[in-house]
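Here's the structure, in structure tokens; my notes come after.
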Amino acid sequence: MTSVASGEPKAPVPPLTAYQKRLFGFLGVATFFEGYDFFALTQVLPHLRKDFALDFGATGWLLGGVNFGTMLAYLLVGKADRWGRRRVLQVTILGYTLFTVLSGLAPNVWLFGLAQMVGRIFLIGEWAISMVIAAEEFPATRRGMVIGVVSATAGLGSIVCALVVPPLTHAFGWRSVYFAGVVPLLLLAWARRGLRETERFAALSPAARPRSAFTIFRGPYRRRVLELGAIWFLTYVCTQNVVSLWKDYALSEVRITEAQAGLIISIGAGVSIPLVFFAGKVFDVVGRRPGAVLVYAALIAGVLGAYTLTGTASLAVAMLLAVFGLNSVLTLLNVYTTELFPTEFRGAAFLWSNNLIGRIGYVASPVVAGHLASDGGWGPVMRLSVVFPALALGLLLWLLPETSRRELEQTSDLEAPS
């Protein structure tokens with residue numbers, strides 16, 4: 001298989017079928033709520049700190065506890081290689097809808113944290129399976145674009161959340177933010193009925209399906225799992241806190257108003273999201289590795305600016321870079337994680353590299369950041385955290401092959417040329 005830059009004529013890009021178009025929209029709507037929920041907690045965090053009397057350390061523990069649910073998502077993601085993609089996705093949508101309601105009803109921080117933690121199990125399970133379905137059901141020439149757009153709809157969910165939270169919290173309190181998301185979730189639960197099993201999974205015989213998520217470690221793909229797990233871990237140490245801590249940082253350390261902070265987030269996210277939608281296409285055209293350099297550089301520059309600068313305009317530009325880099329980096333890693341493993345191990349690969357190994361950084365970083373911030377605030381901690389995505393980029397360029405425009409059967413072949 002020739003590389004993207006080989007100069008040979010490209011095969012015509014096949015049009016999407018009617019079902020692929022419907023699936024494209026369904027997966028986009030499903031991942032929309034990953035972004036909405038992520039930003040919801042970010043936006044209501046100052047209100048939670050006030051209502052529940054949380055200091056920096058307690059805030060870090062709350063975020064860490066909620067994020068622990070993203071690791072427990074392995075309980076569902078691992079079933080996708082046995083039960084099938086369709087069944088697991090349906091379970092995750094219904095479960096997340098229920099625990100969104102319970103989050104809004106929680107009378108204290110303990111029950112709120114528990115509802116959010118369990119909700120994250122279903123939410124991240126839905127997100128991971130959506131990425132697997134997107135990789136398996138769309139052609140190689142469009143795979144990066146599709147995963148990019150599906151991932152970017154999470155950013156769109158963030159924008160919608162940023163726009164609706166200020167008026168909702170002002171008029172009805174922070175609980176209304178969770179109740180507002182229930183109606184579209186119920187519509188999504190109804191729409192799931194038209195979802196099919198992926199052709200690649202359906203073609204697997206029952207005997208070919210692994211009996212345990214540990215099976216992947218008894219074969220040649222163990223090293224790839226560990227490599228991707230390390231890259232996810234280092235990336236999450238920074239990305240998990242970029243937005244979730246920024247509003248609290250801006251109000252308490254930069255001393256801007258909540259309206260100014262909301263405006264900066266809205267401008268940064270609003271301008272960056274069209275670029276995020278385009279990132280997957282860029283990965284298809286220029287390749288995964290050159291694209292990685294671009295998006296990791298944007299992430300690092302954005303984080304440094306967002307936690308250093310003080311002017312509204314400069315902070316908005318920094319937030320633009322940070323949100324673009326954050327979402328695009330995660331899109332890139334989603335693409336790689338779905339491409340580098342065969343169908344029978346694709347769910348397990350996501351389980352180990354993202355939900356378990358990678359999410360250690362996702363869960364632990366807010367707790368560690370909260371402890372370190374007790375002395376000097378969020379700013380110095382977040383500026384130091386850019387070391388980790390820089391290391392992740394180095395590992396990616398050293399260890400991962402170019403996979404653009406190759407079929408999954410080729411990208412998952414350990415003997416295929418890079």
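The values are calculated or read from the model by the stated rules, or taken from the named source; none is laboratory data. Please read all numbers here as calculations on a predicted model, not as lab measurements. Note that each Cβ is placed from the backbone with ideal geometry, even for glycine, and that neighbours are counted across all protein chains shown. Please note that ligands, DNA and RNA were not included when accessible areas were found on the heavy atoms of the full protein model with its side chains. Shrake-Rupley method; radii C 1.70, N 1.55, O 1.52, S 1.80 Å.
Listing for the model above:
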| quantity | calculated |
| --- | --- |
| Close pairs (6 angstrom Cβ cut-off, 6 or more residues apart or separate chains): within 23 Å of residue 225 (Cβ to Cβ) in the stretch 201-215, open to solvent by less than 30 Å² (accessible area, probe 1.4 Å) and not in a helix (DSSP H, G or I) anywhere | 201/84; 213/78 |
| Selection from the stretch 275-331 of residues that are closer than 26 Å to residue 408 by Cα and β-branched (Val, Ile, Thr) | 276, 282, 285, 286, 293, 295, 329, 331 |
| Residue ranges of helices (runs of 4 or more DSSP H) in the stretch 147-263 with at least 3 members under 30 Å from residue 42 (Cα atoms) | 175-179, 182-191, 222-242, 246-249 |
| Total residues in the stretch 22-40, condition over 15 Å from the mean Cα position of the chain (by Cα), open to solvent by 10 Å² or more (accessible area, probe 1.4 Å) and either of a type in the set (A, V, I, L, M, F, W, C) or over 26 Å from residue 269 (Cα atoms) (or both) | 3 |
| Enumeration of residues in the stretch 388-397 that are surrounded by fewer than 18 Cβ atoms within 10 Å (Cβ to Cβ) and in contact (Cβ under 8 Å) with a residue 12 or more places away in the chain | 390, 391, 395, 397 |
| Test for residue 356: is it under 25 Å from residue 145 (Cβ atoms), open to solvent by 10 Å² or more (accessible area, probe 1.4 Å) and assigned to a helix (DSSP H, G or I) | no |
| Lone unmet requirement of (1) farther than 24 Å from residue 128 by Cα; (2) part of a helix (DSSP H, G or I); (3) free of Cβ contacts under 8 Å to residues at least 60 places away in the same chain; (4) not hydroxyl-bearing (Ser, Thr, Tyr) for residue 315 | (3) |
| Residues that are open to solvent by 40 Å² or more (accessible area, probe 1.4 Å) and in contact with a Gly (Cβ under 9 Å, 6 or more places away or on another chain), drawn from the stretch 373-383 | 374 |
| Residues that are aliphatic (A, V, I, L, M), within 30 Å of residue 407 (Cβ to Cβ) and touching a Pro at 6+ places or on another chain (Cβ under 7 Å), drawn from the stretch 233-291 | 234 |
| Residue within the stretch 289-308 that is among the basic types (Lys, Arg), under 18 Å from the mean Cα position of the chain (by Cα) and assigned to a helix (DSSP H, G or I) present | no |
| Per-region count, the stretch 332-363, residues under 15 Å from the mean Cα position of the chain (by Cα) and basic (Lys, Arg) | 1 |
| Test: residue in the stretch 337-352 that is open to solvent by less than 10 Å² (accessible area, probe 1.4 Å), under 27 Å from residue 42 (Cβ atoms) and among the aromatic types (Phe, Trp, Tyr) | yes |
| Any hit, the stretch 69-85, residues being open to solvent by 10 Å² or more (accessible area, probe 1.4 Å) and touching a Phe, Trp or Tyr at 6+ places or on another chain (Cβ under 6 Å) | no |
| Flag if residue 314 is touching a Phe, Trp or Tyr at 6+ places or on another chain (Cβ under 9 Å), among the small types (Gly, Ala, Ser) and open to solvent by 30 Å² or more (accessible area, probe 1.4 Å) | no |
| Subset of the stretch 108-130 that is more than 24 Å from residue 83 (Cα to Cα) and surrounded by fewer than 24 Cβ atoms within 10 Å (Cβ to Cβ) - its residue that is modelled with the lowest pLDDT | 109 |
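Here's the yes/no breakdown for (1) open to solvent by 30 Å² or more (accessible area, probe 1.4 Å); (2) touching a strand residue (DSSP E or B) at 6+ places or on another chain (Cβ under 9 Å); (3) over 15 Å from residue 343 (Cα atoms):
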position: 206; (1), (2), (3): yes, no, no
position: 209; (1), (2), (3): yes, no, no
position: 216; (1), (2), (3): no, no, no
position: 220; (1), (2), (3): yes, no, no
position: 225; (1), (2), (3): no, no, no
position: 228; (1), (2), (3): no, no, yes
position: 234; (1), (2), (3): no, no, yes
position: 238; (1), (2), (3): no, no, yes
